[in-house]
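Asks: The structure's right below; bear with me while I get my questions together.
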Amino acid sequence: MSTDSGTTTEEFTEEARLDREIPDRVLRHGGHGDAVTAFTGALDAARDEEEALRVVRHHGRRLWRNAARRARETDGDDRPLYWTRLAMVRLLRARHPAGDPLGAALIAALERSSRGIGGNHLPAGGERLRVVITGFDPFGLDRDIRRGNPSGAAVLALHGTTLRTADGRTAHVEGVILPVRWHDFTDGIVEEALTPYLEEGPRRVDLFMTISRGRPGFFDLEAFNGARRGDTPDNAGVRAPGPVPVPPGPDGAEGPQWTRSTLPMERMVAAVEAEGGEAPATCLLA
C-alpha cells in the first residue's frame, strides 16, 4: 500500500508502535532519556548535508556504545536501543519528505551506526582470537509489545568484551544487531555488516556465530543455513515466503543454496551434557 506522497505504509509500521504505552515507558526509563533530545539539537546546529551525516553517525555510534555498556552494567535489556533508534528514525522522517535522497541517506547512516555496522575494529595479531556475534531486534510486537530479543541482549552484553580462553589466549568480541525486515536482507545488510570481518588479513575473524530467539524451553544448534524464507511477517508487517537469490561470493561465483555450520557441534553438545544439562537439538536455519 502506498500513501499519496508515494511512501509505502510499511515504512512507518515500526515507528507507529512508538505511540503505545510500553515503548513510551521504555524510552522514558531505559537509560537513553536524553539521546533523542541531544540528537535533535545537534541536527538543528548542522550547517550542511555533510555535517548532518556526521551528526547522525556520531549519535548512532554513541547510542550503540551506551546500549552495550548498559547491557553489561544493568539488566541486559535490549529494548531501549530498539525503541530509541526508532524514535530517532521518526525524527529524521519528519524533517525530510518522502523520496528525499538526503533523508534516506541519514536514516541508513543511523541504522548502520546504531547496530554496530561499520567495518572491522578487532585487533590484529596471531596471539589474539577475533569473535563476531550477531543477533536481532525484538519482533512479534503486535502479539506482545513488551517483547525484547535475548539474542540482541546477548550481543549487547558481549560486544567490546575480552575473554580468556582455556589455552591462555585472549578473545576479542564485537557484535552486530540486525533488523527484522525482509527488505534489509534483500538489500544486502548481512553482506555489508560481515564482509569486512571475513576479508583476508591480520584482523580476519576466527569465529563468527549468529544467535536468534528460538523455541521456549529449548536450545537449538542450527546446523544448516538455507536461502529460503518462511511466511512469518517481519517488523514492517511484510511477508516474503520462498527461496531468495544467493549473492555471489568474492570470486563472483554464485554461492550454494545450503551451507553447513562449521561450529564444533558435537563438542558443544558434549560440553552441555558434561555440565549435567540436556543436550541441545540441531535444526535447520532458513
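Asks: Considering only protein heavy atoms, with the full assembly of protein chains and a 1.4 angstrom probe, order S114, S212 by accessible area, largest first.
Replies: S212, S114
Asks: Could you give the dipole magnitude of segment 106-260 about its Cα centre, charging the beta-carbon of Lys and Arg +1 and that of Asp and Glu -1, in debye to the nearest 20?
Replies: Value, rounded to 20: 480 debye.
Asks: Quick check on segment 166-286: of the DSSP beta bridges with both residues there, what percent are antiparallel, nearest 5%?
Replies: 55 percent
Asks: Right, another one. About the Cα centre, and with charges only on the beta carbon of Lys, Arg (+1) and Asp, Glu (-1), how big is the dipole of the chain? Nearest 20 debye, please.
Replies: 700 debye
Asks: May I ask for the distance between the Cα centers of segment 157-184 and segment 9-51, given as a whole number of Å?
Replies: 26 Å
Asks: Provide the packing ranking of 267-275, 56-64, 152-160, i.e. peptides ordered by the mean count of other C-beta atoms within 10 Å per residue, highest first. Walk me through the numbers before you get to the answer.
Replies: Working: 267-275: 11.8, 56-64: 20.4, 152-160: 22.3.
So the peptides 267-275, 56-64, 152-160, ranked by packing, come out 152-160, 56-64, 267-275.
Asks: Taking H as built 1.01 Å from N, whose amide H comes closer than 5 Å to the amide H of L221, not counting residues under 5 places away?
Replies: For L221, the qualifying residues are A281, T282, C283.
Asks: Continuing with the same structure: Can you give the accessible area per residue of segment 14-114, in Å², using a 1.4 Å probe?
Replies: Value returned for segment 14-114: 49 Å² of accessible area per residue.
Asks: Of the peptides 22-28, 225-231, how do they stack up when ordered by the mean number of other Cβ atoms within 10 Å, highest first?
Replies: In descending order of packing, they fall as 22-28, 225-231.
Asks: Heavy atoms only, probe 1.4 Å: what % of the accessible area of the chain goes to carbon and sulfur, would you let me know?
Replies: Its accessible area is 54 percent carbon and sulfur atoms.
Asks: Hey, another quick one. Could you work out Rg/(2.2 N^0.38 Å) for the chain, with Rg from alpha carbons only?
Replies: 1.05
Asks: Hey, can you grab everything whose amide H is under 5 Å from the amide H of L129? Only 5+ residues off in sequence or another chain; H modelled, so Pro and N-termini drop out.
Replies: The list, which skips near neighbours in sequence, is T170, A171, H172.
Asks: Now, a different point. Restricting to Cα pairs below 8 Å that are 6+ residues apart, what does the relative contact order work out to for the chain? Please round to a whole percent.
Replies: Reported relative contact order: 17 percent.
Asks: Something else: Could you run the Karplus curve 6.51 cos²θ - 1.76 cosθ + 1.60 with θ = phi - 60° over segment 93-105 and give me ³J(HN,Hα) per residue in whole Hz, x for Gly and Pro?
Replies: 4, 5, 8, 10, x, 4, x, 6, x, 5, x, 5, 5
Asks: Per residue, how large is the accessible surface of segment 126-217? Use a 1.4 angstrom probe and give square angstrom.
Replies: Heavy-atom accessible area per residue stands at 51 Å².
The values are calculated or read from the model by the stated rules, or taken from the named source; none is laboratory data. All of these numbers come straight from a predicted model, not from anything done at the bench. Ideal geometry is used to build each Cβ from the backbone, glycine not excepted, and the neighbour counts take in all protein chains shown. Remember, those area values only see protein heavy atoms, side chains included, never the ligands or the DNA or RNA. Shrake-Rupley method; radii C 1.70, N 1.55, O 1.52, S 1.80 Å.
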